Amino acid sequence: MYLGIDGGGSKTAFALVDRTGRVLARHDESGLYHPEIGLDGVAQVLRRGVSCTLSAAGLPVERVTFAFVGLPAYGEDAQLQPQLDALPSVALPPGRYGCGNDVVCSWAGSLACEDGISVVAGTGSIAYGRIGARSARAGGWGELLGDEGSAYWIAREGLALFAQMSDGRLPRGPLHEIVRRELRLGRDLELCAWVYGSSAGRCELARLAPLVTQAANAGDLRAQALLASAAAHLAELVVAVRGLLGAPPGKPMAVSYSGGLFHGAAGLLDDFCRALQQRGQCFSVRPPLLAPAIGAALFAAQCAGTPLDREARATLAGQHAAGTERAT
């Protein structure tokens, strides 16, 4: 049995998979972003999530052969690294799990652990790729230094547009009224209290990104340009990873994607594909084969030295495709 844990900024997904490719149990919990919830908060989410997942499958933790735990912000603080590596032991036997950045889960899911590049556009933004034993990442610098193209970035830039529309630096488009209505602003300046004077954190602000999409769909040209800019930033992450991997200029490279923005922002995927084409390099964009948590379970099997065979992978991909069709 292999357990995949895909920790994100706002949600953590757990998935238990057997050697034949059957998904035995899935469970969702809150986020694992330790800069916001602390190490104790991460431990609580892991303990609760592992327990609920195994209970749903009717199995004891001893039946887990190996687990892979994807953690946001993993690998970015050398002093904190030993503590992050030890945290899953509150729920899993030591020596039976591995940890890494959560972008590895996205790559493993979207490309089923095959060579290529995966870009994530959720609360934050990051891209990760592998060619054989080589791996590289770009982005993932956090909201103060980067996260361009992410939900947080779109929301922040959208609120900046609102401010400029409010005080006359820009003509007012649909975005202005959409933000006023959503945040129930009596006066436009009350936005300052919402942003600076409340407990609204990174994830709370990122949840406003759909307002920009609403405005774009209502014909707001500034909102439309903002979403196109987000797609261009995401394409730059992919191009950067390709360069870091040292891929030859003419070598075709698979690219896939994950994260709520690709599903929630109308037209973002089309803009992203166009932006990649404009870079003049050989990319093949394909829909994700598996969810990130399933990818984490697949990668867990690989880390344990017992990778799932082609038939098991096909079974997983078939289940994912069927689930996607039902969701649409």
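Based on this model, can you work out whether Thr315 counts as in a helix (DSSP H, G or I), hydroxyl-bearing (Ser, Thr, Tyr) and more than 30 Å from Leu170 (Cβ to Cβ)?
yes
Residues that are among the aliphatic types (A, V, I, L, M) and open to solvent by less than 20 Å² (accessible area, probe 1.4 Å) within the range 160-179 comprise Met165, Leu175, Ile178, Val179, listed in sequence order.
Residues in the range 1-12 that are open to solvent by less than 30 Å² (accessible area, probe 1.4 Å) and either of a type in the set (Val, Ile, Thr) or without any contact (Cβ under 8 Å) to a residue 24 or more places away in the chain (or both): Ile5, Thr12. Which members of the range 302-328 meet the condition of being of a type in the set (A, V, I, L, M), at pLDDT below 60 and closer than 16 Å to Ser110 by Cα? Of everything in the range 302-328, just one residue is of a type in the set (A, V, I, L, M), at pLDDT below 60 and closer than 16 Å to Ser110 by Cα, namely Ala322. The criterion of being in a loop (DSSP other than H, G, I, E, B), under 18 Å from Ser106 (Cα atoms), at pLDDT 90 or above and of a type outside the set (Asp, Glu) holds for Leu290. Looking only at the range 13-42, residues that are surrounded by 19 or more Cβ atoms within 10 Å (Cβ to Cβ) and part of a helix (DSSP H, G or I) come to 2 in all. Starting from residues that are aliphatic (A, V, I, L, M) and open to solvent by 20 Å² or more (accessible area, probe 1.4 Å), keep the ones in the range 248-284 and report whichever is nearest to Ala155 (Cα to Cα). Taking the candidates together, the pick is Ala266.
Inside the range 46-92, residues that are free of Cβ contacts under 8 Å to residues at least 60 places away in the same chain and in a strand (DSSP E or B) make up a count of 0. Going by what's in this entry, would Leu145 be described as hydrophobic (A, V, I, L, M, F, W, C), closer than 26 Å to Val255 by Cβ and either under 26 Å from the mean Cα position of the chain (by Cα) or at pLDDT below 90 (or both)? Yes, satisfied.
Can you find a residue that is aromatic (Phe, Trp, Tyr), closer than 14 Å to Leu290 by Cα and open to solvent by less than 40 Å² (accessible area, probe 1.4 Å) anywhere in the range 120-131? No, the range 120-131 contains no residue that is aromatic (Phe, Trp, Tyr), closer than 14 Å to Leu290 by Cα and open to solvent by less than 40 Å² (accessible area, probe 1.4 Å). Of the residues making up the range 190-202, those that are part of a helix (DSSP H, G or I) and surrounded by fewer than 21 Cβ atoms within 10 Å (Cβ to Cβ) are Glu190, Leu191, Cys192, Ala193, Trp194, Val195, Tyr196.
Restricting attention to the range 237-255, the residues being part of a loop (DSSP other than H, G, I, E, B) and of a type in the set (D, E, K, R) number 1. Only one entry in Ala136, Ala155, Ala218 is touching a helix residue (DSSP H, G or I) at 6+ places or on another chain (Cβ under 9 Å), hydrophobic (A, V, I, L, M, F, W, C), open to solvent by 60 Å² or more (accessible area, probe 1.4 Å) and under 23 Å from Phe262 (Cβ atoms), namely Ala218.
Going through (1) at pLDDT below 90; (2) of a type outside the set (Phe, Trp, Tyr); (3) crowded, with 23+ Cβ neighbours inside 10 Å one by one, Leu298 falls short only on (1).
The values are calculated or read from the model by the stated rules, or taken from the named source; none is laboratory data. On a predicted model such as this, the values are computed, not experimentally measured, just so you know. All Cβ positions, glycine included, derive from the backbone under ideal geometry; neighbour counts span all protein chains shown. Side chains are part of the model used for accessible areas, which takes the heavy atoms of the whole protein and leaves out ligands, DNA and RNA. Shrake-Rupley method; radii C 1.70, N 1.55, O 1.52, S 1.80 Å.
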